[in-house]
Amino acid sequence: MSLDLHLPAHGRGRGLAPGLRDLLRQRPASWDLPELPAIGGPLLGEGAVADSQRACARLLGATHCWFGVNGASGLLQAALLALAPPGSRVLLPRNLHRSLLHACVLGQLEPLLFELPFDPATGLWLPPSPEHLARVIAAGQVEGPVAAVALVSPTYQGLAADLPALTAVVHQAGLPLLVDGAHGHGAGITAGADLEVLSLQKSAGGLAQSAALLAQGPRIAVAALERSLLWLQTSSPSALLLASCEAAITALGSTEGARQRARATAVATQVQQRCQALGLPLVSSDDPLRLVLHTGALGINGLEADNWLLARGVIGELPEPATLTFCLGLRPPRGVAWRLPRRLAQLRRALAGPPLAPQEPPPLPLVGTLALPLGQAWRAPHHTVPLAAAAGAIAAEPLCPYPPGIPLLVPGERIDAARAGWLQRQSQLWPGQIADTVRVVAD
Ligand SMILES: Cc1ncc(COP(=O)(O)O)c(C=O)c1O
């Protein structure tokens, strides 16, 4: 029997939000309805969906909530487009999900990609301090005005930023903050952020593609948000996915949902304690349901560890060069508390060696700008060159391992010699994910 430790967090339905479980017991597809007057849709003022969005906004402390049926990706795009008119500059973190980059192409925005603190032991980006973010904003504003700032919190591995302090820094600069809270439960809105996007399959009990956009405060133009949602969302939103949005958010605030999370957390604590008792190195995470094995400390690349475990029926979520993240989900699989630590100890016996060399941060400035506009570079005539020969060229494609969907190189960036060397070394660390060639803009 496989040990499924990946998303969606409902774990093959075991931890599905109760309202959704009830719906799925009904006759198949009897719930697959159009936007009938009684039901409405995310952009309509009347009907069950509008009522539900209002209730979910109240529950999460926002003034507005829109359900989305194209994942956090679709809502992040709509959010950024609403914050920034064409031609404007937006500060995006280097650990951005690629959907924000796609938003820049669609909205003709200029991404200013900013560095984050980097942990060489694990190779993970860390949440920025308020001082770091203040320096980023000041550097971003040197060459001209900035329309908005985005942050990711928590990260895929469950590292949470000090959002109240960071929100204050962004607001002091007179800018709106968009929090990519795909892996969280709305801490951005609680902290005062203007917009937050949740992916309701990642840390709530919804189906894949169900997501929510939360908004509040005077920096947000509701009409602009609704306009960009209109541009980017389907005109036939799936009633099942809309019901999934409602059920997942409702469960976040219900006693039953809290009990379910507490039970899952108790199991996760047992897993952690057994791993620690076996001397297995874990990276500390703010999300108890994300278990991050520090494979680098065992001398194992996380992608290699993942392949070894996959062959033995353990399906993790996110392999990276020095870590492997498991999502325990809202109803962890039976026996995980002894099966996973035992397998990880076997992995160590089979593959461990001296700790890996420290991971290298990309050689980049605090705030990076593009040599060519993103959309222009991505569409430009191009040719393919080995990374070893890419120095001096301009990227015509992103280099982006998936998961996590964080680009290592962005179209329009000039690849200098240091970056070309770094990318070559990254392609060794991400076997099968990063090619040793890259498309560059033709001269
Ligand atoms: C930080 C972050 N934001 C956004 C997304 C996109 O979420 P979705 O797959 O729901 O579109 C992901 C997906 O992995 C993510 O990790």
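Annotations
- Count - residues of the range 31-57 that are open to solvent by less than 40 Å² (accessible area, probe 1.4 Å) and either part of a loop (DSSP other than H, G, I, E, B) or touching a Gly at 6+ places or on another chain (Cβ under 8 Å) (or both): 6
- Hits in the range 209-264 (condition: in a helix (DSSP H, G or I) and either at positive phi or touching a Phe, Trp or Tyr at 6+ places or on another chain (Cβ under 9 Å) (or both)): Leu225, Glu226, Leu229, Ala239, Leu240, Leu241, Leu242, Ala243, Ser244, Cys245, Glu246, Ile249
- Yes/no for Ala78 being away from the ligand (no atom under 11 Å from the Cβ), farther than 15 Å from Val197 by Cα and buried (at least 22 other Cβ atoms within 10 Å of the Cβ): no
- With respect to the conditions (1) part of a loop (DSSP other than H, G, I, E, B); (2) open to solvent by less than 10 Å² (accessible area, probe 1.4 Å), Ile406 falls short on a single one, namely (2).
- Scanning the range 339-352 for any residue that is assigned to a strand (DSSP E or B) and in contact with a helix residue (DSSP H, G or I) (Cβ under 7 Å, 6 or more places away or on another chain) turns up nothing.
- Lone unmet requirement of (1) touching a residue at least 40 places away in the same chain (Cβ under 8 Å); (2) in contact with a helix residue (DSSP H, G or I) (Cβ under 7 Å, 6 or more places away or on another chain) for Leu133: (1)
- Among the residues of the range 291-306, those that are open to solvent by less than 10 Å² (accessible area, probe 1.4 Å) and touching a residue at least 24 places away in the same chain (Cβ under 8 Å) comprise Leu291, Val292, Leu293, Thr295, Gly296, Ile300, Ala305.
- Scope the range 211-234; condition within 15 Å of Leu198 (Cβ to Cβ) and open to solvent by 70 Å² or more (accessible area, probe 1.4 Å); matching residues: none
- Residue in the range 378-398 that is crowded, with 16+ Cβ neighbours inside 10 Å, of a type outside the set (Lys, Arg) and within 16 Å of the ligand (Cβ to nearest atom) present: yes
- Some residue of the range 159-179 being more than 15 Å from Leu91 (Cβ to Cβ), part of a loop (DSSP other than H, G, I, E, B) and open to solvent by less than 10 Å² (accessible area, probe 1.4 Å): no
- Test: residue in the range 307-314 that is open to solvent by 30 Å² or more (accessible area, probe 1.4 Å) and touching a Lys or Arg at 6+ places or on another chain (Cβ under 8 Å): yes
- Qualifying residue in the range 148-156 (condition: assigned to a loop (DSSP other than H, G, I, E, B) and surrounded by fewer than 19 Cβ atoms within 10 Å (Cβ to Cβ)): no
- Subset of the range 78-96 (residues that are closer than 18 Å to Gly412 by Cβ and assigned to a loop (DSSP other than H, G, I, E, B)): Ala84, Pro86, Gly87, Ser88, Arg94, Leu96
- For the range 81-127, residues that are over 20 Å from Glu397 (Cβ atoms), touching a helix residue (DSSP H, G or I) at 6+ places or on another chain (Cβ under 9 Å) and within 15 Å of the ligand (Cβ to nearest atom) total 3.
The values are calculated or read from the model by the stated rules, or taken from the named source; none is laboratory data. Just so we're clear, the structure is a prediction, and the values are computed from it rather than from any experiment. Note: ideal-geometry Cβ built from the backbone for every residue, glycine included; neighbour counts use all protein chains shown. With ligands, DNA and RNA removed, areas are computed over all heavy atoms of the protein, side chains included. Shrake-Rupley method; radii C 1.70, N 1.55, O 1.52, S 1.80 Å.
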